[in-house]
1. Considering only residues that are out of contact with any Cys (no Cβ under 8 Å at 6 or more places or on another chain) and among the hydrophobic types (A, V, I, L, M, F, W, C), look in the range 73-91 and name the one that is nearest to Tyr62 (Cα to Cα).
2. So which residues in the range 12-52 are outside any helix (DSSP H, G or I), crowded, with 17+ Cβ neighbours inside 10 Å and either more than 16 Å from the chain's Cα centre (by Cα) or of a type in the set (Val, Ile, Thr) (or both)?
3. What is the number of the single condition among (1) without any contact (Cβ under 8 Å) to a residue 60 or more places away in the chain; (2) farther than 17 Å from Leu162 by Cα; (3) under 13 Å from the mean Cα position of the chain (by Cα); (4) assigned to a helix (DSSP H, G or I) that Ile55 does not meet?
4. Of all the residues that make up the range 58-68, how many are crowded, with 17+ Cβ neighbours inside 10 Å and free of Cβ contacts under 8 Å to residues at least 60 places away in the same chain?
5. Taking Cys77, is it outside any strand (DSSP E or B), modelled with pLDDT of 90 or more and crowded, with 18+ Cβ neighbours inside 10 Å?
6. Could you tell me how many of the residues in the range 88-110 are in contact with a Leu (Cβ under 8 Å, 6 or more places away or on another chain) and either surrounded by fewer than 18 Cβ atoms within 10 Å (Cβ to Cβ) or among the basic types (Lys, Arg) (or both)?
Amino acid sequence: MVNPIFQPLTAAEVPVAIALAEKIWKPYYRQFFDERTLSLLFSGMYELESLKNWIQQSQNHYFLIQDSATNAPIGYCAYSISNDRLWLDKIYVSASFRRAKLGTQLLEKITRDALQQDCKGIDLRVYRKNKSAVFFYLKHGFEIVRAVDFAGPEGVIYPDYLMAKSLIYRS
């Protein structure tokens, strides 16, 4: 099992995060989108100034995940907290670490953060055709709330699921 280091992203490190997304996000999503659509979506999600502004807001949290053995970046995650809910925006892991339970460790860390902030649940959107991600979240206690069509840049429609996990446990 990998022993990850969760490094909060600073404004100066945003270009590192974008380069990592270029290595992780784009290759993964090529199975779902043509190159033009992929580029539109990527540029909308990973625009330098927008990301710098996003991480400056106190409710937003963006982490680079590093391999403790090499300090190399191997993933990233981003979330925001509002009205007793954590919104999981991004959770991505390098292909070579996907079977090393790193995603589970990330989700456990995010859940701990949510509980420390007295959140009652975690919400996210996931691309419906991304069956492995949908299964991952179901396996970790999330439920599909509903199907949503999310409008991306230039009329691109993401057919997503809104998923949620309650952090209120009844005994």
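The values are calculated or read from the model by the stated rules, or taken from the named source; none is laboratory data. The model shown is predicted, which means the values in this text are computed figures rather than measured ones. No Cβ is skipped: glycine too gets one built from the backbone with ideal geometry, and neighbour counts run over all protein chains shown.
1. Once the filter is applied, the top-ranked residue is Ala78.
2. Phe33
3. (3)
4. Total meeting the criteria: 5.
5. So Cys77 does not fit the description; no.
6. Adding up the residues that qualify gives 1.
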